[in-house]
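Working notes for the structure below.
The values are calculated or read from the model by the stated rules, or taken from the named source; none is laboratory data. Because the structure is a prediction, the values reported are computed rather than measured. Note that we place each Cβ from the backbone using ideal geometry, even for glycine, and neighbour counts take in every protein chain shown. These accessible areas exclude ligands, DNA and RNA; they are computed on the full protein's heavy atoms, side chains included. Shrake-Rupley method; radii C 1.70, N 1.55, O 1.52, S 1.80 Å.
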Amino acid sequence: MKNLTTIADLRDLRKGWRQAGKSVGFVPTMGNLHNGHLQLVREAKKHCDVVVVSIFVNPMQFGANEDLDAYPRTLEADQQKLMSLAVDALFLPTADIMYPKGLDQQTFVEVPGISDVVCGASRPGHFRGVATVVTKLFNMVQPEHAFFGEKDYQQLQVIKALVEDLSMDIQIHGVPTEREASGLAMSSRNGYLSDEQRQTASTLNALMLSLRNDILQGERDYTALEAKYSTSLNDAGFTTDYVSVRHARTLQNATADDQDLVILIAAYLGKTRLIDNIQVHLS
Ligand code: PAF
């Protein structure tokens, strides 16, 4: 596996692959890799001749009071995991390489509408930071395919929209969420949880499945369901940010006529913000 820190080295490697007619798959990450990320790599290897992974903890997508400094950085362990999957190249840019003029002077990419709801409403500027860094990484790596977890459902929709809106020739693949045996969705932020919080955390998935079941049983008063499950989460020990039933593609509030829905949940356990989601298809 080649470890690259400069855009010039990455472009050189990319040029060779283009000349050799190799298709490139890309998995952007912020490191602290768990099985969810490794699943993205495995999927990329199925579709592409060569696979590039990036690790960059992107300051632009963290709010002022969020966990940028505390975000777990585990480079050596990450490199071992990627080498064991025979990843071709690991791109490790610094903040100076990504944002040489500083964040304030950086041109940004903003996807209107879907960036402003649910997580976007709770974390203003977050999806602008994601869309900007992903656009820059796409321009650097120039992949034919890119792989993102469905765990970050709204992020995946934002990236699909930006690729379409900016006419990028990149196929975006959503990869199903990897879960612990308890049902807890895998996330780098799970590492912040105490043993007791970890046990509580699995309730989030259980309540989400119960909400989905209510919808499948014919319940269509989504506002009432959202209120009911927000209370259940609070009773279980979370501080609910939102429980929201949305149209699966537009992420607008679901109406009783919509067939393709997604349940999106964000809730805090102590200071740790957990998110999860599940799609519901009605026929
Ligand atoms: O999902 C993530 O890890 C990040 O949001 C991403 C896509 C790597 C952009 O920084």
Report task. Determine the pairs where a residue that is farther than 30 Å from THR200 by Cβ and open to solvent by 80 Å² or more (accessible area, probe 1.4 Å), located within the range 165-183, has a partner that is part of a strand (DSSP E or B) and modelled with pLDDT of 95 or more with Cβ atoms under 9 Å apart, the partner being 6 or more residues away or on another chain. Result -> GLN171/HIS145; GLN171/ALA146
Report summary line: Within the range 198-211, the count of residues that are within 22 Å of ARG73 (Cα to Cα) and touching a Gly at 6+ places or on another chain (Cβ under 7 Å) comes to 0
Report summary line: For the range 38-54 the number of residues that are without any contact (Cβ under 8 Å) to a residue 40 or more places away in the chain and either basic (Lys, Arg) or surrounded by 22 or more Cβ atoms within 10 Å (Cβ to Cβ) (or both) is 3
Requested in this report: Kindly indicate the residue of the range 127-168 that is within 12 Å of the ligand (Cβ to nearest atom) and not in a helix (DSSP H, G or I) and also nearest to the chain's Cα centre (by Cα) among those meeting that condition.
Outcome: ASP152
Report summary line: Restricted to the range 249-276 and to residues being out of contact with any Leu (no Cβ under 6 Å at 6 or more places or on another chain) and within 14 Å of ILE215 (Cα to Cα), the residue most open to solvent (accessible area, probe 1.4 Å) is ASP257
Report task. Return only the number of the condition from (1) outside any helix (DSSP H, G or I); (2) open to solvent by 20 Å² or more (accessible area, probe 1.4 Å); (3) within 13 Å of the ligand (Cβ to nearest atom) that PRO124 does not satisfy. Result -> (3)
